[in-house]
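Read through the structure below, which is laid out as structure tokens, and then see the notes.
The values are calculated or read from the model by the stated rules, or taken from the named source; none is laboratory data. These figures come from a predicted structure and were not determined experimentally. A quick note on method: Cβ atoms are made from the backbone with ideal geometry, for glycine too, and the neighbour counts reach across all protein chains shown.
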Amino acid sequence: MTDLAVGIDIGGTKTAVGLVTRTGEVIARLDAPTPANEGGDSIVSAASSLAHTLLHGRTVIGVGVGAAGVIDSVARRVVSATGSLSNWAGTDLGRAFEAALDLPVVVQNDVHAHAAGEAFVGAGRGHGTVLVAAVGTGIGGAVVVDGQPQFGAHGVAGHLGHLPAEEAAGILCPCGREGHLEAIASGTALHELYLRLGGDADVQDAREVVRRTDNDQRARTAVVTSARALGRCLGGLVNVIDPDIVIIAGGMRRAGALWWSSVEEAMRTTAMPLVERVPLVEASLGDDAAIIGAARGAFESLEAVNQ
């Protein structure tokens, strides 16, 4: 039985493809910009081209795909998506990748794949129930139980960016509803909050807001407000799920000590006393996590079919 699978991570800005061993080691990978404005066919074609380059005649068990959007993992189709990927909703990923690569394909959401990777060989290794918050341009999340990401009845389990947050009252979320966490706690939302507070209009993104917190009170207020909103939502989820560990992934995990301390304080003061000391840690696999998790999904699903 082959010890390699292809893992594909399709995001709004970048597509990454890797060859992954059964033990979760990425032995080769390639990245390229996602042709986000060119539609589903072009996005699949770009990812397939990377996979062909890596394969070089190697024998693999199959392909695991982690893709942005709400994914029906049974139908292997994109059910819905934001505007970050044009004409992405409705894309039949399973059929398209099988036609392009002539290999069996397993499909899941990219954050579910990321969480599965972290639970397998990353920061969540050895833990039974893992809660992952992916906080970057947007906010996603996943719950992994005994190594298995939980998809839910409609594929949306873990979408914690769409929990209600009082700090986001009246603010439109990218999903089209108002008052969701993503509208106040994502990197994009942090930058927008800073500008609403009267911050310097020349500041271009959340990273620059974070860099200004020592000398700019508006930046400090924006970071603390945004981070506390995230922390309170995480604390509520800890009360509901009772995880062994909470992992923060995504670009905002690099937002510095003020952001981290604000998230953690709000999480712990919201969580019930029995669970207030659940570890809160940074993801450890970086950009490899979703590749590893997608490939692990291929190993598990395809081996089960072949038994």
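Taking the conditions exactly as written (buried (at least 22 other Cβ atoms within 10 Å of the Cβ) and on the phi > 0 side of the Ramachandran plot), does G62 satisfy them or not? The answer is yes for G62.
The set of residues from region 16-57 being within 16 Å of G297 (Cα to Cα) and either part of a helix (DSSP H, G or I) or among the polar types (S, T, N, Q) (or both) comprises T21, T23. Of the strands (runs of 3 or more DSSP E) lying entirely inside region 96-187, the ones with 2 or more residues being assigned by TED's automatic domain parsing to the domain that holds D9 are found at 105-109. Summed over region 245-260, residues that are surrounded by 24 or more Cβ atoms within 10 Å (Cβ to Cβ) and closer than 23 Å to V145 by Cβ total 4. V210 falls short on exactly one of the conditions (1) within 12 Å of the chain's Cα centre (by Cα); (2) assigned to a helix (DSSP H, G or I), and that condition is (1). Note on region 267-307: residues that are in a helix (DSSP H, G or I), modelled with pLDDT of 95 or more and more than 29 Å from T13 (Cβ to Cβ) total 6. For region 225-244, the condition holds for no residue, the condition being that it is at pLDDT below 95, crowded, with 21+ Cβ neighbours inside 10 Å and closer than 23 Å to F120 by Cβ.
Total residues in region 261-277 satisfying the condition of being among the small types (G, A, S), crowded, with 16+ Cβ neighbours inside 10 Å and over 15 Å from P243 (Cα atoms): the figure is 2.
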